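Before any comments, here is the structure.
The values are calculated or read from the model by the stated rules, or taken from the named source; none is laboratory data. Here the structure is a predicted model, which is why all the values come from computation and not from measurement. Here the Cβ positions follow ideal geometry from the backbone for every residue, glycine too, while neighbour counts run over all protein chains shown.
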């Protein structure tokens, strides 16, 4: 990783006062690991949150002193593959510098409003927006941990069951590089 | 750093003489490069003797004054130009300063490139888009090198001279392999299980050379002794005594894992280092030169270090490599106490000048000091006390540069100004330098 870091740091340094922009394809790290899918089972009259196991995403090292201007999701989507029941499912993304932290409420980066589900159906959800500025500094680490959460409510008469499966998640991090 | 090494930085301020700068680099004197590269010119009288060239040139460092105004000496500690911890620090700007010292005033500064760098990261993707800065990534070998004569002293009579000169030759070159060049120049993704390399080749050799030389006037023109007309010949025979020599060749780089992110790339270094075990390099070489002066016309050619091949009787070759498992460098001797030969590159100059009676002087030079040919062509028009100058040049990067300027001479004192475009900066645009100097005739 040192070699990549050296090349990247040299490249960014050569651009003077320009910004470093990272487009991180988070989904590529999660796909196939099982961490991209959250199964949900919501009893009648209950609102609950289920989180996926934390997933590590590697970032280039050496940006520890940089200042992150903004972090936003530029492309994101999930499928709500509902198998039974009526209710709503919301999408949450948690980001932290370590695996345990990614399961903490303080790591909540974005909360997508709930989407209604009814019976056996698949509903596509668009995920976009700015992430919480309070978490900006996390992106100066050489690795971050993410967890996706399904916030479900049951408004019907049967148990709501299904999977929330991530289909895309790309994050854009803009920072004023300060590499030394 | 990799990106801070563009093709070949050319010498912008090749002279402290505003007259020469205004003529695109053409020298009106018979000293400097002419005597260095053409031994025949050691027998030709300098033009200072007849008052047509200055005895002394004093540069007026307006650029230094401006630089110190912008960067006060008592605040250098906090100056973003020199402080890597400052958010305004720009290493390219600092390198520009090194390659283009601010002796003369920069009429148009070359802007340091500033643009966003966009990096795309995925489990198996790593794309670095440098944007406009991609122009700095060299397509071919880049580096630096020179052949210098550090000292040249001796004594002589009747055109003959016996002395000793010191020589130093170094050449360092780097080449990006195709894969790494595509990543940096074409924003291609770093791929899994792929090697990315920079190929290096560096050589340095130095020593002393006892020399016997001759420079004399072969024929005289119709002007006789009073004029410089005639054919001049010069030659020098050197016995090179190499003091030290070293050469390193090989790649450095890394091999990615699978996936690109999440696995640690393996460092690559497997070079061969050749060194002399002592001062045992010997060889013979020579310089030759000829100059012909006929009235207003003058032409000359000089070639140095012809056949200069040094035989190093006691050298060794070592393999230096990086072992990723132990994260350490190792070296093993491949061969020891073996003979190796090296060559000094041939350097040359060709010059011509025409001094017309109308106050017009036209001149040109082709110089190769060991790393690329530089061409200068210029003209000066004098009218009463005033002079107007212009010239063009092709620098070591094969870029055209332009010079222009003028001056005024009152008795034995002249004030000259010259403008010169240059590209020896880490940018694709030309800068313009204004040189000012006082000449004493």
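Tabulated values for the structure
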quantity: Hits in region A:32-43 - residues which are buried (at least 18 other Cβ atoms within 10 Å of the Cβ) and either at the interface with chain B (Cβ under 9 Å from one of its Cβ atoms) or over 13 Å from the mean Cα position of the chain (by Cα) (or both); calculated: A:40, A:42
quantity: Flag if residue A:103 is in contact (Cβ under 8 Å) with a residue 40 or more places away in the chain, closer than 17 Å to residue A:55 by Cα and touching a helix residue (DSSP H, G or I) at 6+ places or on another chain (Cβ under 8 Å); calculated: no
quantity: Test result for residue B:119, within 11 Å of another protein chain (Cβ to nearest Cβ), at pLDDT 85 or above, in contact with a strand residue (DSSP E or B) (Cβ under 8 Å, 6 or more places away or on another chain) and crowded, with 17+ Cβ neighbours inside 10 Å; calculated: yes
quantity: Filtered residue count, region B:157-170, keeping only those that are part of a strand (DSSP E or B) and touching a residue at least 40 places away in the same chain (Cβ under 8 Å); calculated: 9
quantity: Some residue of region A:154-166 being within 14 Å of chain B (Cβ to nearest Cβ), touching a residue at least 40 places away in the same chain (Cβ under 8 Å), buried (at least 18 other Cβ atoms within 10 Å of the Cβ) and touching a helix residue (DSSP H, G or I) at 6+ places or on another chain (Cβ under 9 Å); calculated: yes
quantity: Conditions (1) surrounded by 20 or more Cβ atoms within 10 Å (Cβ to Cβ); (2) part of a strand (DSSP E or B); (3) within 14 Å of chain B (Cβ to nearest Cβ); number of the one not met by residue A:174; calculated: (1)
quantity: Selection status of residue B:414, more than 25 Å from residue B:346 (Cβ to Cβ), at pLDDT 90 or above and buried (at least 20 other Cβ atoms within 10 Å of the Cβ); calculated: yes
quantity: Of all residues in region B:56-86 being loosely packed, with under 14 Cβ neighbours inside 10 Å and touching a strand residue (DSSP E or B) at 6+ places or on another chain (Cβ under 9 Å), the one that is modelled with the highest pLDDT; calculated: B:58
quantity: Residue, nearest to the other protein chains (Cβ to nearest Cβ), within region B:127-150, restricted to residues that are out of contact with any strand residue (DSSP E or B) (no Cβ under 8 Å at 6 or more places or on another chain) and surrounded by fewer than 16 Cβ atoms within 10 Å (Cβ to Cβ); calculated: B:132
quantity: Residue that is farthest from the other protein chains (Cβ to nearest Cβ) [pool: residues in region A:54-71 that are loosely packed, with under 15 Cβ neighbours inside 10 Å and either modelled with pLDDT of 95 or more or part of a loop (DSSP other than H, G, I, E, B) (or both)]; calculated: A:64
quantity: Unique match (being under 36 Å from the mean Cα position of the chain (by Cα), under 30 Å from residue B:47 (Cβ atoms), away from chain A (no Cβ under 14 Å) and modelled with pLDDT under 95) among B:213, B:227; calculated: B:227
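Conditions (1) in a loop (DSSP other than H, G, I, E, B); (2) more than 30 Å from residue B:27 (Cα to Cα), marked per residue:
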{"position": "B:228", "(1), (2)": "yes, no"}
{"position": "B:238", "(1), (2)": "no, no"}
{"position": "B:250", "(1), (2)": "no, yes"}
{"position": "B:267", "(1), (2)": "no, yes"}
{"position": "B:303", "(1), (2)": "no, no"}
{"position": "B:326", "(1), (2)": "yes, yes"}
